[in-house]
Amino acid sequence: MKKITLLFSMFIIMTCFLGFKIIASPNLQRQQNTKLYENKTYNVLLQYNKDWKLNPQYTERYEGKNGFFQISASTGENTKIDEVVKDEINHLLKPYGSNPRITNETIQGQEARLIIPSNDQNKEFKNQAELIVKYPKPIKINNETYYYFILWADKNNIQEISKTIKFLT
């Protein structure tokens, strides 16, 4: 009887172990297809597609066949995040088309807004979407204070990238 109980217990443990490996594997696959990007100037790290390369024609832009990302920051002392969003979508060039979709997000406990372009977005913007995140603590770059982190990426990749954002302390 002890042998049967021991054998059954080992079967249960192995099943749980294998089940855990199967559940964990998609996450491991995603990590294998990404690189870690760290930028101490913008106080952020994130993961991006390992096949994307730095485009020397831009500041902090990585791109490849299936997408891109670029980072920046925005001033905005005493400016609400929705005002920053309004300024972005109402820009003279209408970078997100005439009717972008805006969703409220939380990134690492911080207030954020995701701007997804409408179908009439100008093709020159290459499906660009934008994520605006309030910094946990304002940062300084060249004696200028910034209150918002900006991530531009193609609309097919921005949400996956946004899930990996970590602000450096």
| message | For region 80-92, which positions are surrounded by fewer than 15 Cβ atoms within 10 Å (Cβ to Cβ) and closer than 17 Å to A153 by Cα? | response | none
| Positions within region 159-169 being closer than 13 Å to A112 by Cβ, touching a strand residue (DSSP E or B) at 6+ places or on another chain (Cβ under 7 Å) and assigned to a loop (DSSP other than H, G, I, E, B), in sequence order | I165
| message | Just to be sure I understand, how many residues within region 111-158 are under 20 Å from N39 (Cβ atoms), in contact (Cβ under 8 Å) with a residue 24 or more places away in the chain and not in a strand (DSSP E or B)? | response | 2
| request: Could you grab me the full set of residues in region 66-87 that are more than 18 Å from the chain's Cα centre (by Cα) and within 17 Å of K126 (Cβ to Cβ)? | output: none
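None of the figures in this text is laboratory data; all of them are computed from the coordinates on show. In this text, all values refer to a predicted model and were calculated from it rather than measured experimentally. No Cβ is skipped: glycine too gets one built from the backbone with ideal geometry, and neighbour counts run over all protein chains shown.
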